[in-house]
Amino acid sequence: MTMSVRRHGRLAAAAAVAALIAGALMSSPAVAAPPRAVDPFHPDFGPNVTIYSPDTPVDQIQAELDALHAQQVDAEMSTARHAVYLLPGQYGSVAEPLQVKVGYYTEIAGLGASPEDVTVHGAVEVYNRCLEAGGTANCLALVNFWRTIANLSIDIDKAGQDGCRQSAEFWAVSQAVSMRRLDVSGGSLSLMDYCTAGPQYASGGFIADSRLPAVINGSQQQWLIRNSEIAGWSNAVWNQVFSGVIGAPDDATFPDPPYTTIDATPISREKPYLYVDDEGSFNVRVPAVQRDSSGISWGDGETAGRSVPITDFFIATPDDSVKDINNALARGQHLIMTPGVYDIDRTIAVKRANTVVLGLGHVTLTAANGAVPLEIKDAEGIVVAGVTIDAGPQLSPVLLRVGKEKGGKPLGDANPITLSDVYFRVGGPHIGKATTALEVNSDNVLIDHTWVWRGDHGVEGFTNGVNGDTDRWNTNTGQVGVIVNGDDVTATGLFVEHFQTYNTLWNGENGRVILYQNELPYDPPTQADWTQPDGTLGWPGYAVAPDVTAHRLDGAGVYVFNQNNPSIVTANGFSVPETPGVQLHHIMTVNLSAGTVQHVVNGVGGQADTTKIGVPQFIVDYPTP
């Protein structure tokens, strides 16, 4: 049976206690609402979280997860959010393997202290999504966004599937998808779905803290794998980056193949995760910062860090007001946000050092009335993870601000503010308006995997954006994707797309980025709309401010697809100050079939135009050593 069934008795008792407290308060002077009680053994995560135990019949789990996938497989712009958790133990067997498919806005994770505590004998997969002819044609992974798998061991068993499907565990995904803390064995892992009718394209993804078998990259255009172990890696398209990966391929012959290999990740912190301890109590593990590290964090025992009891958290639902959430944060509680879409009409302010904000099941914060949905103050060790922030139909100045706008107190480098799997969306399910998506003002911030997206497609107010159409350009507005003003900011896995001026503008000193991916906007109506005030044609996909003296970028691509007006020209994919301390390593531009980027960086590098569709223009190092 699922844990949600066994929870009812405790909930009834808790309700009775709450009623007694409420009655007492009615006869007393008005006071602030007390902290919400949390049962450490059976916390109430709401209706969109399902927790299974090993004694749940496999056929029940299979049927329920098949139904969830059927609901979510085409739910790209829906409001449904789900998390599925597995208590420590074994799921599936040789006689009855558990074969799970993961749809949109779905998180599937183990609740063990180690990935080895929860084993799925079977598969946990994502296949191509078929978009035409009633779901049988135009099958690809280019829009397989927003899903998560974590903290599991997968013993691959594809018994009962057809011959092609038995050849690998398939994880055919693109942006805003993370695979963390996995131990996969018994076969190979494919990052493309070569069994479904084509074109089979895939574009982007992220793996961290995982031990994997041989990996088939296939059609993946770009990928970052960080602090992991792999038995092998085959194929590359444009931009494959390995940081702190044992078994990573050599990159000495870049760009043939286009591998970028960094032996040790300069700074990392793994994402917080739920787990159940030996007494059955729920906790959140907050991994420690690592420096110059490689390989998995859990190979020699428990991941280094601290554990926070679930009773120290305010467990929020979409029905809770921002006032309730801020009151909880102000009294020193950490925050868990249960799956759903939250309308945020005033700023959630995270002020206290070492506060943890953890979203479950791709929780989404949608700006209402032009609010700034989330602000992180200048305080060390704050961690925000697993949260998507959406622009609303009224203009927000920024969606997430980290640190005081005009500069706050300096923060040391021992305990950085960390963002893990924090995603941004301007448009898609509805029209969105934001001046800037992510603004980082604090020093020593760590961004560990983000996708910052101005929607190029959606369900309301979106058109194909062709033949000079201006609808999307004038209504779904996002000026700047990411602006970094703080010093010593590091990003591992920075994906930013389609903004109307700078996609990324880096003003701070000593920035470090490992894997950067960008698509320029599809929809500028005219060249005048895509020309800077000084006459420069277009905005670079990645810009470092002229007065910066130290910056390092490893493994980066800027792609052009000016679908609306194919005559649009962009002068440079990258723009940086010409100084020895600013170094770009393994960068490229590429044309996806419309528009032109004249140079890779600062007037250097070949032109990416429609005579070279899909042919990258590479630069090994800039400036040239």
Give me the tail of P(r) for the stretch 238-298 as a percent: Cα-Cα pairs with distance above 13 Å. 69 percent
Can you say what percent of the DSSP beta bridges in the chain, counting only those with both residues inside, are antiparallel? Round to 5. 15 percent
Of the peptides 59-71, 271-283, how do they stack up when ordered by the mean number of other Cβ atoms within 10 Å, highest first? 271-283, 59-71
Using only Cα atoms, find the angle between the long axis of helix 8-26 and the longest principal axis of the chain, and express it within 0 to 90 degrees, rounded to the nearest 10. 80 degrees
Of all DSSP beta bridges in the stretch 313-622, antiparallel share, percent nearest 5: 10 percent
In percent, how large is the relative contact order of the chain, given Cα pairs closer than 8 Å and 6 or more residues apart? 7 percent
Directionally averaged shadow of the chain, computed from the convex hull of its alpha-carbon atoms, nm²: 27.2 nm²
Counting pairs of alpha carbon atoms under 8 Å apart in space and at least six apart in sequence, what relative contact order in percent does the stretch 36-141 give? 24 percent
DSSP bridge pairs, the stretch 49-268: antiparallel proportion in percent, nearest 5: 5 percent
By the Cα gyration tensor axes a ≥ b ≥ c (a/c under 1.5 gives rounded; else a/b larger than b/c gives prolate, otherwise oblate), the shape of the stretch 197-239 is prolate
To the nearest 10 degrees, how steep is helix 58-72 against the longest Cα principal axis of the chain, on a 0 to 90 scale? 40 degrees
Is the C-alpha gyration tensor of the stretch 530-625 telling us rounded, prolate or oblate? Criteria: a/c under 1.5 is rounded; beyond that, a/b larger than b/c is prolate, otherwise oblate. oblate
Per residue of the stretch 116-126, in order, report the coupling 6.51 cos²θ - 1.76 cosθ + 1.60 (Karplus, θ = phi - 60°) as ³J(HN,Hα) in whole Hz, putting x for Gly and Pro. 6, 7, 10, 10, 9, 8, x, 6, 10, 9, 9
Using the scaling law 2.2 N^0.38 Å as the reference, what is the normalised Cα Rg of the stretch 49-268? 0.98
Can you list the HN-Hα couplings for the stretch 489-505, worked out from phi with the Karplus curve (6.51, -1.76, 1.60; θ = phi - 60°), rounded to whole Hz and with x for Gly and Pro? 8, 10, 10, 10, x, 10, 10, 9, 9, 6, 6, 8, 10, 7, 6, 9, 10
Expressed as a whole number of Å, what is the distance separating the alpha-carbon centroids of the stretch 400-453 and the stretch 370-399? 7 Å
Could you tell me how far the Cα centroid of the stretch 291-335 sits from the Cα centroid of the stretch 536-607, in Å? 38 Å
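Here, each number is a calculation from the coordinates, and none is a lab measurement. From a predicted model like this one, the values you see are computed outputs, not experimental measurements. For neighbour counting, all protein chains shown are included, and Cβ atoms are generated from backbone atoms with ideal geometry for every residue, glycine included.
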